[in-house]
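Inspection log for the structure reproduced underneath, given as structure tokens.
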Amino acid sequence: MIEPSVSLYGQGLQRVTDHLGALLQKSHSLYAMLIDRKGFVLAHRESLWAPRPPSLDSIATLVAGNFATTAALARMLGETKFTELVHQGEKTGLYLEEVDDRTLLLVVFDQSTPIGRVKLFVKKAVADVGNVLRESPADKSETDAFDFGDDFTKSADALLDDLFKE
């Protein structure tokens with residue numbers, strides 16, 4: 001089963017969610033999502049005035065795929081990567097920016113919000129969210145996050161060997 005590449009919980013999740021809320025308030029956007037490159041929604045917020053959102057999971061999956069496709073186009077054109085994407089329709093726009101090598105920040109806005117305003121506040125949010133992700137215990141490897149010490153490891157190994165007769 002495919003799982004998210006980043007797990008946010010506790011204070012880290014709350015801090016990211018707070019940054020997304022501030023981004024929405026300052027940019028006057030509808031929705032903000034932190035997603036991983038596999039297309040999983042890691043955190044999201046919506047404005048009070050936003051209409052009922054479409055499926056956030058579907059949006060995240062399609063946006064992650066779009067970002068991967070655009071990365072391939074960038075390489076074909078001699079760029080190392082494109083770090084942001086913009087899609088604008090008559091009523092709705094999407095702005096996507098890379099946070100780090102595992103996550104993307106997506107903002108959905110309507111025609112009443114200028115793209116320049118969105119870009120300005122997304123830049124700040126990307127820096128803030130990036131800091132949280134770097135500081136988060138979820139950013140460490142499993143062995144770092146769950147180091148029980150040599151004694152526990154040896155005992156567990158012995159129990160498992162005995163259990164499975166190896």
Each label sits 7 Å from Cα toward the beta-carbon; between L120 and F82 the label points are separated, in nm, by 2.5 nm
Rounded FRET efficiency, nearest 0.05, which uses the C-beta distance separating T61 from D110 and R0 of 22 Å: 0.50
I need the calculated FRET efficiency for the pair S5 and L73, taking r as the beta carbon distance and R₀ as 25 Å, to the nearest 0.05. 0.65
Of the cross-linked pairs K91/K124; K26/K124; K38/K124, which ones have a Cα-Cα span greater than 22 Å in the structure shown? K91/K124; K38/K124
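Values quoted throughout were computed directly from the atomic coordinates according to the rules given, and no laboratory measurement underlies them. None of the values given here were measured: they were computed from a predicted structure. Positions of Cβ are backbone-derived with ideal geometry, glycine not excepted, and every protein chain shown enters the neighbour counts.
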